[in-house]
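Written out below as structure tokens is the structure these notes cover.
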Amino acid sequence: VLVITSLISVVLVQGLGLVLAARTSVQNKIVGIDQIVMARNIMLDPVRGVLPDYAERPYVFAGEARRLRGLTVLPLQGRTGTPIGSTLTMDYESARNQTALVHQDQGAEPQEVGRWEGDAGAFAYRDIKGDWLEAWPPKDPTAPQTPWLVRLTMGVGFPSTLVASVPGS
């Protein structure tokens, strides 16, 4: 009876060790995914909150390949829900051979929200027809003030492309 009991307990302890190792592995992967999602949201939240501004105001949405500027209700440094001017730029540092994504809310200090290797990266803007444009606003005078989607293409790494939908005009 003692031999059988000891054999069963050895099998149970080994099984428990396998379960604990699997749990630790899954937990580490979940933490890694959470960090990726959080970084992605920090980069895209100001774009997801973009809304139109009055035509004569300085934060009417305008986008170029390496810079976009607009009015957002999802600022990183201000109160959520309060419309505030926001700018995202890609700055290449040749000494480090890295490109930094820098966010700045109106009246606040610039804040780096992402970094990747090389002089790569660009914003692209999709109109309601489905065409990706390198700059916004397009030449079409009937186009809305804000694009339908904004794509952020970075250098290498995961994810290398992020897309945010803009609430709309």
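The values are calculated or read from the model by the stated rules, or taken from the named source; none is laboratory data. On a predicted model such as this, the values are computed, not experimentally measured, just so you know. Positions of Cβ are backbone-derived with ideal geometry, glycine not excepted, and every protein chain shown enters the neighbour counts. Keep in mind that these areas ignore ligands, DNA and RNA; they rest on the heavy atoms of the full protein, side chains included. Shrake-Rupley method; radii C 1.70, N 1.55, O 1.52, S 1.80 Å.
Computed quantities for the displayed model
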{"item": "Residues located in the stretch 132-151, provided they are open to solvent by 80 Å² or more (accessible area, probe 1.4 Å) and either in contact (Cβ under 8 Å) with a residue 24 or more places away in the chain or outside any strand (DSSP E or B) (or both)", "result": "Glu134, Pro137, Lys139, Pro141, Thr142, Trp148"}
{"item": "Filter result (open to solvent by less than 30 Å² (accessible area, probe 1.4 Å), under 24 Å from Met38 (Cβ atoms) and assigned to a strand (DSSP E or B)) within the stretch 102-131", "result": "Val102, His103, Asp105, Val113, Gly114, Trp116, Phe123, Ala124"}
{"item": "Restricting the stretch 90-101 to residues that are touching a strand residue (DSSP E or B) at 6+ places or on another chain (Cβ under 6 Å) and of a type outside the set (Phe, Trp, Tyr), the residue that is surrounded by the most Cβ atoms within 10 Å (Cβ to Cβ)", "result": "Met90"}
{"item": "All positions within the stretch 70-89 that are under 13 Å from Pro110 (Cβ atoms), out of contact with any Pro (no Cβ under 7 Å at 6 or more places or on another chain) and open to solvent by 30 Å² or more (accessible area, probe 1.4 Å)", "result": "Gln77"}
{"item": "The listed residue being at pLDDT below 90, more than 17 Å from Gln145 (Cβ to Cβ) and outside any helix (DSSP H, G or I), out of Gln77, Gln35", "result": "Gln77"}
{"item": "Residues of the stretch 47-58 satisfying the condition of being assigned to a loop (DSSP other than H, G, I, E, B) and open to solvent by less than 30 Å² (accessible area, probe 1.4 Å)", "result": "Gly49, Asp53"}
